[in-house]
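Pasting in a structure now, in C-alpha cells, and then I'll have a few things to ask.
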C-alpha cells in the first residue's frame, strides 16, 4: 500500500501488496484454464484453429478488463482533494449539503461514498470490496467490473463447452486419443489414457464451476441494477430483514428464562 500525505497507508489499486489469497487463487485458475485449453483441448479438437481463435478473442477482452478493474483507483474525489490540499468547491456540481464527514479520511466525502477498511479509503459510489481483484468496486470501475464478469463467464463457458465435448468423446471412444497424440506437447504424448482423462475431467470441472459462479454473479448484479441497489445496499437490507423484532426477541428470551 502507498503512504499518503497523512502518513497512513492507502491501497491505490488491486496490484499493490498485500495480495489477497482469493486474488492469487483467481490468477492460478486463470493460468490453469489457459494452459489446459491450448496444450490439451485445442490439439484434441476437430476444429482446433477456429477454437483457438475464438478463445484468443475472448482472452483479448477479459485481460484488459481485468487489468482496468484492478488498476482503477475508485477513491472519492473529495479525498484526493484533501490529500492535495485542494478545496472541494473546485469539484463539478459541488454541493456542500450533500457531503458527509469521514472520521477515517478526516474530510468530507460524497453521500454515496463508503470507507473500505481493507483499502483504508472512501470509495465513491461504493459497491463492494472484491477480494478476487483485491480492489474496491465503485463508480469509477463498476462498469468495467460488470463487463469483466460477463466476459469471463463467456470465456469459461466456452472453455467448459469445448472441454465437455472433448472429454465425452475421450471417455466414450477408446480410439479417440491415440490418433491425436502427435498434436499434443511432447510431455503429454506418452501420457497414459487414464492420465489424460483425469486432466480433461479436472479441467472441465474447474471451467464449469467457474462459469456457474460467474453466471450467478452476473445475474445477481443484473438484479441489483434493476432494483437500483448496490451490493452494499443489498447487504444492509438483508441484515435489516434478519434482525429479530423487539417483541420477538423479548418473547424468546422470556421463554428461555421460563
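For residue 148, indicate whether it is more than 15 Å from residue 231 (Cα to Cα) and crowded, with 23+ Cβ neighbours inside 10 Å.
It is true that residue 148 is more than 15 Å from residue 231 (Cα to Cα) and crowded, with 23+ Cβ neighbours inside 10 Å.
Turning to a different aspect of this structure: What is the one condition in (1) in contact with a helix residue (DSSP H, G or I) (Cβ under 7 Å, 6 or more places away or on another chain); (2) free of Cβ contacts under 8 Å to residues at least 40 places away in the same chain; (3) assigned to a strand (DSSP E or B) that residue 100 does not satisfy?
With (1) in contact with a helix residue (DSSP H, G or I) (Cβ under 7 Å, 6 or more places away or on another chain); (2) free of Cβ contacts under 8 Å to residues at least 40 places away in the same chain; (3) assigned to a strand (DSSP E or B) applied to residue 100, the lone miss is (1).
Restricting to segment 187-225, what's the tally of residues that are outside any helix (DSSP H, G or I) and surrounded by 12 or more Cβ atoms within 10 Å (Cβ to Cβ)?
The number of residues fulfilling the criteria is 1.
I've got another one for you. In the list 89, 36, 45, which residue meets the criterion of being at pLDDT below 90, farther than 19 Å from residue 126 by Cα and buried (at least 18 other Cβ atoms within 10 Å of the Cβ)?
Exactly one of 89, 36, 45 is at pLDDT below 90, farther than 19 Å from residue 126 by Cα and buried (at least 18 other Cβ atoms within 10 Å of the Cβ), namely 45.
For residue 196, all conditions in the list (1) in contact (Cβ under 8 Å) with a residue 12 or more places away in the chain; (2) more than 22 Å from residue 30 (Cα to Cα) hold save one; what is the number of the exception?
Evaluating residue 196 over (1) in contact (Cβ under 8 Å) with a residue 12 or more places away in the chain; (2) more than 22 Å from residue 30 (Cα to Cα) leaves (2) as the failure.
Restricting the search to segment 174-184, which residues are part of a loop (DSSP other than H, G, I, E, B) and within 18 Å of residue 35 (Cα to Cα)?
184
Looking only at strands (runs of 3 or more DSSP E) that fall completely inside segment 111-173, which ones have 1 or more residues that are touching a helix residue (DSSP H, G or I) at 6+ places or on another chain (Cβ under 6 Å), under 19 Å from residue 213 (Cα atoms) and in contact (Cβ under 8 Å) with a residue 12 or more places away in the chain?
Passing ranges, in order: 128-130, 135-137.
Determine, yes or no, whether residue 69 is at pLDDT below 90 and either buried (at least 17 other Cβ atoms within 10 Å of the Cβ) or touching a helix residue (DSSP H, G or I) at 6+ places or on another chain (Cβ under 9 Å) (or both).
The answer is no for residue 69.
For segment 226-255, which residues satisfy the criterion of being at pLDDT 95 or above, on the phi < 0 side of the Ramachandran plot and loosely packed, with under 10 Cβ neighbours inside 10 Å?
226
Also: With respect to the numbered conditions (1) in contact (Cβ under 8 Å) with a residue 60 or more places away in the chain; (2) surrounded by 21 or more Cβ atoms within 10 Å (Cβ to Cβ); (3) part of a loop (DSSP other than H, G, I, E, B), which one is the sole condition not fulfilled by residue 105?
(1)
Ok, one more. Taking residue 60, is it modelled with pLDDT of 90 or more, more than 23 Å from the chain's Cα centre (by Cα) and surrounded by fewer than 16 Cβ atoms within 10 Å (Cβ to Cβ)?
The answer is no for residue 60.
Just checking, does segment 21-41 include any residue being assigned to a strand (DSSP E or B) and under 20 Å from the mean Cα position of the chain (by Cα)?
no
Quick check on this structure: which one of 82, 10 is modelled with pLDDT under 90, touching a strand residue (DSSP E or B) at 6+ places or on another chain (Cβ under 9 Å) and farther than 25 Å from residue 133 by Cα?
Unique residue meeting the criteria: 82.
The values are calculated or read from the model by the stated rules, or taken from the named source; none is laboratory data. Please read these numbers as outputs of a predicted model, since none were measured by experiment. Counting neighbours? That spans all protein chains shown, and the Cβs are built from the backbone with ideal geometry, glycine included.
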